[in-house]
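Below: the structure, in structure tokens.
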Amino acid sequence: MSFTIHGLPVSQGIAIGHAQLVSHALLEVHHYVVTPRAVAKELERLNEAIAAVGAELNLLRKAPSATHSEVSVFIDLQQMLLQDPMLIDAAREHINTRRCNAEWALVQQMDLLVEQFDTIDDPYLRERKADVVQLVERLVKNLLGHPGYVPMRRREGLGTIVVAHDLSPADTIHFKDAQIAGFATDVGGATSHTAIVARSLALPAVVGLHHVRHVVNDDDILIIDGTRGVVIVAPDSRVLEEYQLRKSQLEIERSKLKRLRSAPAATLDGERIQLCANIELPRDTQAAKLNEADGIGLFRTEFLFMGRDELPDEDEQFEAYRSVLKGLPGRPVTIRTLDIGADKALRGMETRCEANPALGLRAIRFSLAEPKMFRTQLRALLRASVYGQLKILVPMLSTLTEIKQTLAAIERAKTELRAEKVKFAEAIPLGGMIEIPAAALSVNLFVRYLQFLSIGTNDLIQYTLAIDRTDEAVTHLYDPWHPAILLLVYRTIQASVRAGVPVSVCGEMAGETANTRLLLGMGLREFSMHPAQILEVKQEILRADAAELSARVAKLMKLDDPERVRDAIGRL
Ligand code: PEP
Ligand code: MG
């Protein structure tokens, strides 16, 4: 029977395909009884998994973060648990006496221990149950030979649509290789990094569907309408035909836009606008070139670090940065230093328990707290700088001290390289992301130390309006047109223009055509967005008159009634 579910539209377009249910709850394991002869083999499987996890933990100890006391305490605890009779011997016992498969034996024992932990009064001990769950998760992952990201089936004919409770940005990035047509998830917000990756892959997606994983069956035919935020399950032939028609119409419209590729982005009154690309991995450079981007406005380097067990070393990073710079000769390439944390976790570090990860040790705070890791990235960037027009961008600045510390770290890396007689460009522009209200209010100070600014509206909205960008329960409050947001963006642009410091917007606002005229009117002359959006935004620019918009936006900024503001933006 056909039915429709409504969620949040996070990535436009239509996808039609077969559902592939993805369980991310690794602990939902199969339960089966093995034959008496297979008991020894099952015990051996468990032993092998224990040895492999022990080796993994030893490797983790060598990661730069292991110098952090919390991380090393965590590793010690996990090693101890790996030999804990209450967990391991008891699991062996389940295999021996009840012939459970190893995964089931572990999960059963884990459930028992967790129940006991729950009755303990001491909050510290009660919290230790998370350690048990994490260790069992590691063991089960090993037993299942889990490759570390969502495994995909390949199919002929109709595409595959991934249906999951949640997907991490690292999972989603692998969809590039797996010919996934679209995805639907129970949870997620419109500007979560998973949604951003979906848009950059031009992958139709609907999130915040609540129970989609429970109501859809594997192999059901699904339509994902990423523009309206609708998932149609088992559509009848009439609906299917209608959507197939709409899908091909959209493809025709997209291919018409391709004619704009070679046209320079200029307004009717002759203002040249820079349209740059946001990329997550070096291979995205191809899409940037295809859409004739004026350069890379944001390379989110954290995606090189995510979804893997070992971090990229200096040479691997150098190769990645160099390939982007060489891929766009003569065009600026803005590479952002690591913006790890919140919904972009490093494997093995998910374990740091933060009540408010978005307010925690992320981005530049993390880099400054991990000087070894930061030094490696800066050295790789400096070495790559001779291959093109590199600009370095620092995420999540909130204080002048962070700028000064970053400048000092760059100087130290330069001194080292000079001593080693390694070449690098001396004058690499350093820029800062304006994505915390404190930074937006400090622009006049920051521009004295920075050569360019980039407004990250995704986080600026999250932090100004105090709404978690990944939480679908508050998505309705996520409002780029809130007068407070408009004021912060407008002031930042105006202050940069006055100071003669180039400013761009690289948050999602820049790629939404509904905001193009507004941002032009605020004085913005550089936009950075996922490559798939460049041509649509260019079309808007070609129809706009910058001087006229500037006068209209100046008037609109005097309004304080949100309804009238929305109305005025709609009429721009
Ligand atoms: C932003 O916050 O707007 C931004 C571009 O950075 P990210 O989305 O990677 O946090
Ligand atoms: Mg950000």
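The table for this structure:
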{"quantity": "Pro151 vs. criteria at pLDDT below 75, in contact with a Ser or Thr (Cβ under 6 Å, 6 or more places away or on another chain) and within 23 Å of Glu280 (Cα to Cα)", "calculated": "no"}
{"quantity": "Where a residue in segment 383-404 is on the phi > 0 side of the Ramachandran plot and within 16 Å of ligand 2 (Cβ to nearest atom) and its partner, wherever it lies, is of a type outside the set (D, E, K, R) and part of a loop (DSSP other than H, G, I, E, B), with Cβ under 7 Å and at least six apart", "calculated": "Met396/Ile436"}
{"quantity": "Every residue from segment 277-300 that is modelled with pLDDT of 95 or more and within 10 Å of ligand 1 (Cβ to nearest atom)", "calculated": "Asn278, Gly297, Leu298, Arg300"}
{"quantity": "Sole exception among (1) farther than 19 Å from Gly456 by Cα; (2) touching a Gly at 6+ places or on another chain (Cβ under 7 Å); (3) buried (at least 21 other Cβ atoms within 10 Å of the Cβ) for Ala265, by number", "calculated": "(2)"}
{"quantity": "Complete set of residues in segment 456-471 that are surrounded by fewer than 22 Cβ atoms within 10 Å (Cβ to Cβ) and either part of a loop (DSSP other than H, G, I, E, B) or away from ligand 1 (no atom under 12 Å from the Cβ) (or both)", "calculated": "Leu465, Ala466, Ile467, Asp468, Asp471"}
{"quantity": "Single unsatisfied condition, Leu346 versus (1) within 16 Å of ligand 2 (Cβ to nearest atom); (2) at pLDDT below 95; (3) surrounded by 18 or more Cβ atoms within 10 Å (Cβ to Cβ)", "calculated": "(1)"}
{"quantity": "Enumeration of residues in segment 16-36 that are loosely packed, with under 12 Cβ neighbours inside 10 Å and modelled with pLDDT of 90 or more", "calculated": "Pro36"}
{"quantity": "Given (1) more than 16 Å from ligand 2 (Cβ to nearest atom); (2) surrounded by fewer than 14 Cβ atoms within 10 Å (Cβ to Cβ); (3) under 21 Å from the mean Cα position of the chain (by Cα), index of the condition Asn356 fails", "calculated": "(1)"}
{"quantity": "Residue within segment 180-202 that is surrounded by fewer than 21 Cβ atoms within 10 Å (Cβ to Cβ) and in a helix (DSSP H, G or I) present", "calculated": "no"}
{"quantity": "From Met509, Met522, residue being among the aliphatic types (A, V, I, L, M), buried (at least 21 other Cβ atoms within 10 Å of the Cβ) and in contact with a Phe, Trp or Tyr (Cβ under 6 Å, 6 or more places away or on another chain)", "calculated": "Met522"}
{"quantity": "Flag if Ile340 is within 16 Å of ligand 1 (Cβ to nearest atom), free of Cβ contacts under 8 Å to residues at least 40 places away in the same chain, touching a Leu at 6+ places or on another chain (Cβ under 6 Å) and not small (Gly, Ala, Ser)", "calculated": "yes"}
{"quantity": "Subset of segment 473-483 [under 22 Å from Asn515 (Cα atoms) and either buried (at least 24 other Cβ atoms within 10 Å of the Cβ) or away from ligand 2 (no atom under 16 Å from the Cβ) (or both)]", "calculated": "Val474, Thr475, His476, Leu477, Asp479, Trp481, His482, Pro483"}
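The values are calculated or read from the model by the stated rules, or taken from the named source; none is laboratory data. Worth saying up front: this structure is predicted, and the values here are computed from it rather than measured. Heads up, the Cβs are rebuilt from the backbone with ideal geometry, glycines too, and the neighbour counts pull from every protein chain shown.
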